[in-house]
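> Structure provided below as structure tokens; questions to follow.
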Amino acid sequence: MYDIAIYIYMLGVAIASLFDSKVKKMWHGEREAFDVLKRKVDPAARYVWFHAASLGEFEQGRPLMEQLRREHPEYKILLTFFSPSGYEVRKNYSGADIVCYLPLDTRLNAIRFLRLVRPVMAFFIKYEFWYNYLHILKHRGIPVYSVSSIFRPGQVFFRWYARSYAGVLKCITHFYVQNDVSRQLLASLGITEVTVAGDTRFDRVLQIREQSKCLPIVEAFAKGSNVFVAGSSWPPDGDVFIPYFNSRDDWKLVIAPHEIGEDHLRQIEQRVEMKTVRYTQTTPDEAARARCLIIDCFGLLSSAYRYGCAAYVGGGFGVGIHNVLEAAVWGIPVIFGPNNKHFQEAQGLMAAGGGFEVGSADDFASLMDGFAGDGNRLAEAGKDAADFVAGCTGATAKILADVPL
């Protein structure tokens, strides 16, 4: 039944690729993966295979790849992606020897892929549990490690009707999970090769902070002012924070929207009632005179947070919040919307006193008034955020110290 479902999915992707450019990239990328492997695989090399569904999982796996490369240069690294949003951004990643799409999980593809690569071990990041790949890896005696994985009672593996599919988890050599709830859920399936190692994303955001860029335009904009950074925001997020800053002249606002299409940028400019400039169209002198700066390009947000006194991370009024850790690592309080219950890092940040949930513009205004009226509260919340991140690091070292290399 699984194989039938995969072939039906393949047909659906083929049809969708005729109408959607993103799906088309994935469809062609998967089909070309074998050609890439034939050209690039060194038959004499020993490959460690890392698989990430998308960009977020790549960022979780990146500290492992880079530490492995530093400490064990005798291995080569193969990195595969399922989603175009990961592959298209990181296809030229220098930390891997080969980067390509993962061919769809049919039995024939899995056999062909593993014959070409012959990995000595595999790391699957967070959620990826492909039935055919994992069963053939186990059959061949190739160890597979699931890292930064997290499980919840509602997932399909723990439903009575999916217990046979849950057997795929027993193909994993060892799980390095984020929390004890995940360990207990796996134990309910009879899986005991589990270590609570934490989340490698915490190690990654420390790396990002250390490698952050100086942004002269943002620095000139922020100098001498209280600055609020709204990152990865969507229109419903703007409904929450824009009205507050429209009515205040004691804060400056940086907005880094999740989408940077021209229509969306113009919509933001129409809603903001203050002098506004775009990052790519301004100068440091002009930015210094503005009260709102729109980051209209990708790749700068994690560095822009360094200039903030507080931050808002978007997505909490939609499918889920984006990366709160990139803001928290700078020692500033982080605010987000209500859809955060399945995001352990947000829950932990709130419990630590460095994260704050808001459900409306009134909630946001009340919270910000509290910060504005009490500088000590703002500073303490920022310290709590930084301490939370620092206290959760170390998963990468723990995993690589445990894995036989």
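> Please verify whether segment 12-24 includes one or more residues that are closer than 19 Å to VAL89 by Cα and loosely packed, with under 12 Cβ neighbours inside 10 Å.
Within segment 12-24 (the criterion being closer than 19 Å to VAL89 by Cα and loosely packed, with under 12 Cβ neighbours inside 10 Å), the answer is yes, since at least one residue qualifies.
> Next question, about the same structure. Could you check segment 306-321 and list, in sequence order, the residues that are surrounded by 23 or more Cβ atoms within 10 Å (Cβ to Cβ) and more than 11 Å from GLU219 (Cα to Cα)?
ALA310, ALA311, TYR312, VAL313, GLY314, GLY315, GLY316, ILE321
> Just checking: which of the strands (runs of 3 or more DSSP E) contained wholly in segment 271-343 hold 3 or more residues that are in contact (Cβ under 8 Å) with a residue 24 or more places away in the chain?
Those strands (runs of 3 or more DSSP E) span 292-294, 310-313, 334-336.
> Would you please name the residue that is surrounded by the most Cβ atoms within 10 Å (Cβ to Cβ), looking only at residues in segment 67-76 that are closer than 17 Å to ALA397 by Cα and in contact with a helix residue (DSSP H, G or I) (Cβ under 8 Å, 6 or more places away or on another chain)?
LEU68
> Taking helices (runs of 4 or more DSSP H) that do not extend beyond segment 83-183, which have at least 2 residues that are under 25 Å from ALA197 (Cβ atoms) and open to solvent by less than 10 Å² (accessible area, probe 1.4 Å)?
Output list reads 131-139.
> Every residue in segment 331-359 that is small (Gly, Ala, Ser) and closer than 19 Å to VAL319 by Cβ, please.
Residues satisfying the conditions are GLY337, ALA346, GLY355, GLY359.
> Okay, moving on. Tell me which of these VAL48 doesn't satisfy, since it passes every other one: (1) touching a Lys or Arg at 6+ places or on another chain (Cβ under 9 Å); (2) free of Cβ contacts under 8 Å to residues at least 60 places away in the same chain.
Just one mismatch for VAL48, condition (2).
> For segment 348-399, give me the residue count where each residue is within 30 Å of VAL120 (Cα to Cα) and open to solvent by less than 20 Å² (accessible area, probe 1.4 Å).
Final tally of qualifying residues: 3.
The values are calculated or read from the model by the stated rules, or taken from the named source; none is laboratory data. Predicted model, so just to flag it, every value in this text is computed and none were measured. Cβ sites come from the backbone with ideal geometry, for glycine too, and all protein chains shown count toward neighbours. Quick note on the areas: whole protein, heavy atoms, side chains included, nothing else; ligands and nucleic acids left out. Shrake-Rupley method; radii C 1.70, N 1.55, O 1.52, S 1.80 Å.
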